[in-house]
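First up is the structure itself, then whatever we jot down about it.
The values are calculated or read from the model by the stated rules, or taken from the named source; none is laboratory data. Keep in mind it's a predicted model, so treat the numbers as computed, not measured. Here the Cβ positions follow ideal geometry from the backbone for every residue, glycine too, while neighbour counts run over all protein chains shown.
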């Protein structure tokens with residue numbers, strides 16, 4: 001059901017194709033779990049009542065099992081959802097009979113789900129450098145605010161005498 005591939009420096013992926021559900025219904029569910037840790041994303045999807053949540057969860061579990069089987073040193077806690085793509089698939093066209101001898105076309109939309117998971121080690125190394133710089137920036141910002149407050153407490157200027 002899900003295809004598996006591994007590209008260099010792109011994470012571990014799973015693709016589920018030709019699902020008979022509209023991509024417009026799945027995309028809002030996918031937006032909730034994008035760039036989240038794997039365990040948190042699975043728990044979010046388990047508690048959602050949508051059909052798309054169930055389908056995304058199955059594909060996500062497949063991508064994680066691909067990662068764990070290819071790299072034995074990984075654990076579920078070390079994974080995060082790098083990318084989720086919901087693409088359009090082909091459309092099945094059905095006839096919908098209407099009143100007075102008319103007929104309409106009923107389009108049953110299909111979608112393809114692609115989930116890519118990767119190690120959080122890469123993400124934490126990048127975010128660690130950013131957070132360190134950010135923390136240093138906030139410390140400097142706090143000093144400048146205190147300096148401004150101290151300067152605002154100066155005595156008011158005396159009016160020039162005539």
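Points worth noting:
- Cβ-Cβ contacts under 6 Å between residues 6 or more apart (or on different chains), taken from a first residue in the stretch 56-68 that is in contact (Cβ under 8 Å) with a residue 60 or more places away in the chain to a second residue that is surrounded by fewer than 22 Cβ atoms within 10 Å (Cβ to Cβ), are listed as 62/2; 66/4.
- Across the stretch 31-64, the qualifying residues are those that are buried (at least 20 other Cβ atoms within 10 Å of the Cβ) and within 11 Å of the chain's Cα centre (by Cα), and the one among them that is nearest to residue 111 (Cα to Cα) is 33.
- Of the candidates 104, 88, the single residue that is out of contact with any strand residue (DSSP E or B) (no Cβ under 6 Å at 6 or more places or on another chain) and in a strand (DSSP E or B) is 88.
- Some residue of the stretch 5-26 being closer than 16 Å to residue 117 by Cβ, in contact with a helix residue (DSSP H, G or I) (Cβ under 9 Å, 6 or more places away or on another chain), in contact (Cβ under 8 Å) with a residue 60 or more places away in the chain and assigned to a helix (DSSP H, G or I): no
- The set of residues in the stretch 65-83 that are assigned to a helix (DSSP H, G or I), in contact with a strand residue (DSSP E or B) (Cβ under 7 Å, 6 or more places away or on another chain) and surrounded by 15 or more Cβ atoms within 10 Å (Cβ to Cβ) comprises 66, 67, 78.
- Hey, residue 95 outside any strand (DSSP E or B) and modelled with pLDDT of 95 or more or not: no
- In the stretch 104-124, residue surrounded by the most Cβ atoms within 10 Å (Cβ to Cβ) [restricted to those that are at pLDDT below 95 and over 19 Å from residue 84 (Cα atoms)]: 124
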